[in-house]
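Enquirer: The following block contains the structure, expressed as structure tokens.
The values are calculated or read from the model by the stated rules, or taken from the named source; none is laboratory data. Quantities reported herein were computed from a predicted structural model and do not represent experimental measurements. Cβ: placed from backbone, ideal geometry, glycine included. Neighbour counts: every protein chain shown. Accessible surface is based on the protein model in full, side chains and every heavy atom, while ligands, DNA and RNA are left aside. Shrake-Rupley method; radii C 1.70, N 1.55, O 1.52, S 1.80 Å.
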Amino acid sequence: MEMANSWTVDETHRITTSILDPPARLLCGPGPSNSHPRVSNAMAMPQVGHLDPFFLNMMDDISEMLRYAWQTNNKFTVAVSGTGSAAMEACFANLVMPGDKVVTCVNGYFGDRMADMASRYGGQVEKIMRPYGTTFTVAEIQEALEKHRPAILGIVHGETSTGVLQPHMQEIGDLCRQYNTLLLVDSVTSLGGAPIFVDKWHIDAIYSGSQKTLNCPPGISMLSFSERALEKMNTRPGKVPNWYLDMTAIQKYILGTGEGRTRVYHHTAPINMNYGLREALKILTEEGLENRWKRHREVVQLLYTGLQTLGLELIVGEEDRLPQLTTVKVPEGVDAKAVASHMLNHFNIEIGGGLGELAGKAWRVGLMGYNARPDVVVALLAALRESIAAVKRA
């Protein structure tokens, strides 16, 4: 065996770095939002093992509070180790079988992502399209269900790329039951800031992320499956074609097996991320859903009024707007990226640019959870006004 000292260590990449000191930004884009101080404190608490009884009991708390947040009694309502995209992919990986017809409702960037994921797991994808900034009618959904008779219909409840809140969810859920179709819903941005009633709307699979309206850093996500979804997952032929996101295995870890709920190891869960998610959900339950929804509606009205005073137009019609996320039309001749950069560099305030069809044409302004406050709106509007003026002067 060769001795370690027979090799010379290459020092090329051994750099000396400064003490980590990130800037204190006000995050008013499409996400991530600022972490709630209580969430940050929770994440700094002492770490335990991923099979420690304390941690397993805490995971039960998370599941129960998620049931409240989503208004569901679904047994399989769990945290997922990974960002919102992980929970999204988990839904498609576990529920799409090769050859399944999957209808995806595309009126923004993330509807297209649904279609992409479904196709990667063997789904025969049919898209129904609406322009960015608009919503689907019940008649359009029924026409697609009648024509394609899909196994799954995927729709985005709160479209992060456009700031649209999809209405008619109960009617869409009723239709999916009539056509024996699983309803799969994206609530990454809407959870915690807009009404969601999973059971009453007959939603079969729903997912969300931590970093939007819940004000927990990105890195953990959530999903919930109905009994219909679980039956399809647990009776599928062969293994789920994604080891890490295999919910047939993860349910044995999170829910346990047998009367004694014996937990079966699957992966090492991100302990401190779960601390943060638990605290974020605790904050939500303390405020109460109706109070929280009302606060987001009231605060965003202040934003709408201020934007109108600045002479700026909104892209989404009033009846279809997502309270947490507003898309603002960039005025003619104004460089959208230059304005956002000026806000970041001079005011430490982040807003987002447009995605997909709205790239360069819109700003995305988020007032999510802890950031849905009047003082945030005042600071944001002042910075936006000055930044537009500065770019015009340049």
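Enquirer: Would you check if G49 is in contact with a Lys or Arg (Cβ under 6 Å, 6 or more places away or on another chain), outside any helix (DSSP H, G or I) and open to solvent by 10 Å² or more (accessible area, probe 1.4 Å)? Steps first, please.
Expert: Numbers: in contact with a Lys or Arg (Cβ under 6 Å, 6 or more places away or on another chain): no; outside any helix (DSSP H, G or I): yes; open to solvent by 10 Å² or more (accessible area, probe 1.4 Å): yes.
No: the conditions fail for G49.
Enquirer: From the list G238, G276, G193, which residue is of a type outside the set (A, V, I, L, M), in a loop (DSSP other than H, G, I, E, B) and buried (at least 20 other Cβ atoms within 10 Å of the Cβ)?
Expert: Residue meeting the stated conditions: G193.
Enquirer: Continuing with this model, one more query. Specify which of the listed residues (R38, R14) is open to solvent by 30 Å² or more (accessible area, probe 1.4 Å), in a helix (DSSP H, G or I) and not acidic (D, E).
Expert: The match here is R38.
Enquirer: Now, a different point. Of all the residues that make up segment 324-353, how many are touching a Gly at 6+ places or on another chain (Cβ under 6 Å), part of a loop (DSSP other than H, G, I, E, B) and not polar (S, T, N, Q)?
Expert: 1
Enquirer: Pick out, from segment 92-170, the strands (runs of 3 or more DSSP E) lying fully within it that include 1 or more residues that are surrounded by fewer than 24 Cβ atoms within 10 Å (Cβ to Cβ).
Expert: Details: elements: 101-106, 124-129, 152-156.
Hits in segment 92-170: 101-106, 124-129.
Enquirer: Looking only at segment 359-387, which residues are open to solvent by 20 Å² or more (accessible area, probe 1.4 Å), more than 19 Å from G193 (Cα to Cα) and either touching a Leu at 6+ places or on another chain (Cβ under 8 Å) or among the hydrophobic types (A, V, I, L, M, F, W, C) (or both)?
Expert: Result: A359, V378, A379, L381, A382, R385.
Enquirer: From the list G192, G276, which one is small (G, A, S), out of contact with any Leu (no Cβ under 6 Å at 6 or more places or on another chain) and over 30 Å from E146 (Cα atoms)? First the steps, then the outcome.
Expert: Values: G192 fails: out of contact with any Leu (no Cβ under 6 Å at 6 or more places or on another chain).
Checking each option against the conditions leaves just G276.
Enquirer: Also: (1) under 30 Å from V377 (Cβ atoms); (2) aliphatic (A, V, I, L, M); (3) assigned to a loop (DSSP other than H, G, I, E, B): which one isn't true of L303, the others all being true?
Expert: (3)
Enquirer: If a residue must be open to solvent by less than 30 Å² (accessible area, probe 1.4 Å), farther than 17 Å from M43 by Cβ and either in contact with a Phe, Trp or Tyr (Cβ under 7 Å, 6 or more places away or on another chain) or in contact (Cβ under 8 Å) with a residue 12 or more places away in the chain (or both), how many such residues does segment 279-294 contain?
Expert: 3
Enquirer: Here's a follow-up. Report yes if some residue within segment 300-320 is within 25 Å of S35 (Cα to Cα), touching a Gly at 6+ places or on another chain (Cβ under 8 Å) and open to solvent by less than 50 Å² (accessible area, probe 1.4 Å); otherwise report no.
Expert: The answer is no, given that none of the residues of segment 300-320 is within 25 Å of S35 (Cα to Cα), touching a Gly at 6+ places or on another chain (Cβ under 8 Å) and open to solvent by less than 50 Å² (accessible area, probe 1.4 Å).
Enquirer: Here's another thing I want to ask about it. Considering segment 212-232 alone, what residues qualify as being at negative phi, part of a loop (DSSP other than H, G, I, E, B) and buried (at least 24 other Cβ atoms within 10 Å of the Cβ)?
Expert: Those that are at negative phi, part of a loop (DSSP other than H, G, I, E, B) and buried (at least 24 other Cβ atoms within 10 Å of the Cβ): K212, T213, L214, C216.
Enquirer: List the pairs whose first member sits in segment 6-25 and is more than 30 Å from N371 (Cα to Cα), whose second member is aliphatic (A, V, I, L, M), and whose Cβ atoms are under 6 Å apart, counting only residues at least 6 apart or on separate chains?
Expert: Nothing qualifies.
Enquirer: Within segment 63-71, is there a residue that is open to solvent by less than 90 Å² (accessible area, probe 1.4 Å) and out of contact with any Leu (no Cβ under 8 Å at 6 or more places or on another chain)?
Expert: Checking segment 63-71: at least one residue is open to solvent by less than 90 Å² (accessible area, probe 1.4 Å) and out of contact with any Leu (no Cβ under 8 Å at 6 or more places or on another chain).
Enquirer: Within segment 338-362, work out how many residues are out of contact with any helix residue (DSSP H, G or I) (no Cβ under 6 Å at 6 or more places or on another chain) and under 20 Å from G311 (Cβ atoms).
Expert: Total meeting the criteria: 5.
Let's see how each residue does on (1) under 19 Å from Q211 (Cα atoms); (2) not small (G, A, S):
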site: D21; (1), (2): no, yes
site: Q47; (1), (2): no, yes
site: L51; (1), (2): no, yes
site: W70; (1), (2): yes, yes
site: A87; (1), (2): yes, no
site: A93; (1), (2): no, no
site: Y109; (1), (2): yes, yes
site: R113; (1), (2): yes, yes
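Enquirer: Please name all residue pairs, on different chains or six or more residues apart, with Cβ atoms under 9 Å, provided the first residue is in segment 120-134 and is over 19 Å from G163 (Cα atoms) and in contact (Cβ under 8 Å) with a residue 40 or more places away in the chain and the second residue is of a type in the set (F, W, Y) and open to solvent by less than 40 Å² (accessible area, probe 1.4 Å).
Expert: Every condition considered, the pairs that remain are Y121/F92.
Enquirer: Of everything in segment 354-383 that's out of contact with any strand residue (DSSP E or B) (no Cβ under 9 Å at 6 or more places or on another chain), among the charged types (D, E, K, R) and outside any loop (DSSP other than H, G, I, E, B), which residue is nearest to E159 (Cα to Cα)?
Expert: E357
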